[in-house]
Each structure stands twice: as structure tokens, then as C-alpha cells.
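Inspection log for the structure reproduced underneath, given as C-alpha cells.
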Amino acid sequence: MTKSILVAALVAVSAYANAELIGFDDINTSLGPVGISDGYAGLNWLNFDALDGTDYPVQNGYYYGTISPTNVAFDPPGNVCDFNSDAPFTLESLYITSAWGPQNCSILGYGPAGLLYSLDPLLGSSPTFFNLHWTGVTQVNFVPEGTSNSTQIAIDNVDVTLATPEPVTVGPFAIMICGALLPRHRFRRQKARP
């Protein structure tokens, strides 16, 4: 009985996943666009900045692409950008908007062995919701058609499930389980002795 409880607890701890809805709203953009740092929301970011979409005119995708007030992430150079992690994660969903008009933008999901998922949607200046459930990815690339500022995209409300637990959460849980099981084990041994 004790072994089965211990095994169940260890499986629960190892299978723990950290769901994260990334809205970019906790990034200070009061002085204008700012680069998104590696480690933000547990991911690494390449060619992504954050800006306050409500600071821009209604006619562009930054304004309309702001799902959760007030920030969105965008690709300032208007070319390939990505977010990634050393550990596989699940990209559940996200909103994508073209900043300046209709354009194609490939969305590519890579795992440790290579390309796993691919989409090539036509984006407009109103947000498009993608319900993806891409599991086992380590990198998600966005490849806008063309290579100029007119090909910028905006993303918001990126829903990911990170495969690695937060150490602060798992540590106390593991200590609690071990602390609950060890006294029982000692008590049974002492009772069995003649």
C-alpha cells in the first residue's frame, strides 16, 4: 500500500505541467517598445518586442491584435522570429494579427527531431485565433512573407503548457509526501519486531 502511494505521488510530481497564458501585459512599455528577454514566461524569445497596442492608431494590427490589454508582442524587423525552450512544451493556442495588412505567415513547430507542425495562414489586420494543441515542440517559428517592416506580425494571449515543473512547487510537495510516508514505514517496522 505504501509503495503504491509513493509511486502515485512520484508520477503526479513528474507529470506536473505548468500552464501559462502569456499576455505580455506585465512588461513595462510606457517608454515605447521593449525587447522581450529570454526566460520571460519560461521561454526564450528571438526578434520579439512588446508594445502597447492601444498607443497605435485604430487602422493597424497592433491596435486590433491587443487581446488582453494593453500589450502585444511583435517582430520589429518584420522577419523570422520565434520562441523556444530546451524542454518540450505544448503550444495550446494564440492570436496572430498582421500589423499592416494582409500577408502570409508560416507558423512552424519544431521538436528535438525536426519539424512537427506547419501552418501557412493568410493574416489580416484583425486577430486570428489558432487553437493548435501542438505537443512536444521546443521551438515555434513565425516566418512572414517578405522581409520588411510591412510584414510585421503581432501575437497575444499565447497559451502554452511548459513540461517542466517550477521547483518551488514540486519541492514542498515532495517533502510533504516523504514526510507523510516515512513515519508509517518506521512504525510498521517497530511493531513487527518481537
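Values as computed for the structure displayed
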quantity	calculated
Test for Asn18: is it touching an Asp or Glu at 6+ places or on another chain (Cβ under 9 Å) and open to solvent by 10 Å² or more (accessible area, probe 1.4 Å)	yes
Pair list, Cβ < 9 Å and 6+ apart or interchain, from segment 105-118 residues that are open to solvent by 60 Å² or more (accessible area, probe 1.4 Å) to residues that are of a type in the set (Asp, Glu)	Tyr110/Asp82
Segment 67-89, residues that are among the hydroxyl-bearing types (Ser, Thr, Tyr) and at pLDDT below 95	Ser68, Thr70
Residue check, Ala99 within 17 Å of Ala41 (Cα to Cα), open to solvent by less than 20 Å² (accessible area, probe 1.4 Å) and among the small types (Gly, Ala, Ser)	no
Condition met for Leu94 (under 23 Å from Asp55 (Cβ atoms) and modelled with pLDDT of 95 or more)	yes
Which numbered condition Glu145 misses (of (1) of a type in the set (Asp, Glu); (2) at pLDDT 95 or above; (3) open to solvent by 70 Å² or more (accessible area, probe 1.4 Å))	(2)
Search result, residues across segment 44-68 that are of a type in the set (Gly, Ala, Ser), in contact (Cβ under 8 Å) with a residue 40 or more places away in the chain and open to solvent by less than 10 Å² (accessible area, probe 1.4 Å)	Gly53, Gly61, Gly65
Flag for Tyr63 being under 13 Å from Ile153 (Cα atoms) and in a helix (DSSP H, G or I)	yes
Qualifying residue in segment 82-94 (condition: in a helix (DSSP H, G or I) and either of a type outside the set (Asp, Glu) or open to solvent by 40 Å² or more (accessible area, probe 1.4 Å) (or both))	no
Residue count for segment 124-153, restricted to those that are assigned to a strand (DSSP E or B) and in contact with a helix residue (DSSP H, G or I) (Cβ under 8 Å, 6 or more places away or on another chain)	2
Those residues of segment 28-43 which are part of a loop (DSSP other than H, G, I, E, B), more than 13 Å from Ile155 (Cβ to Cβ) and either open to solvent by less than 30 Å² (accessible area, probe 1.4 Å) or touching a residue at least 40 places away in the same chain (Cβ under 8 Å) (or both), in sequence order	Thr29, Gly32, Pro33
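The values are calculated or read from the model by the stated rules, or taken from the named source; none is laboratory data. Here the structure is a predicted model, which means the values were calculated and not measured. Note: ideal-geometry Cβ built from the backbone for every residue, glycine included; neighbour counts use all protein chains shown. Surface accessibility is based on the protein's heavy atoms, side chains included, excluding ligands, DNA and RNA. Shrake-Rupley method; radii C 1.70, N 1.55, O 1.52, S 1.80 Å.
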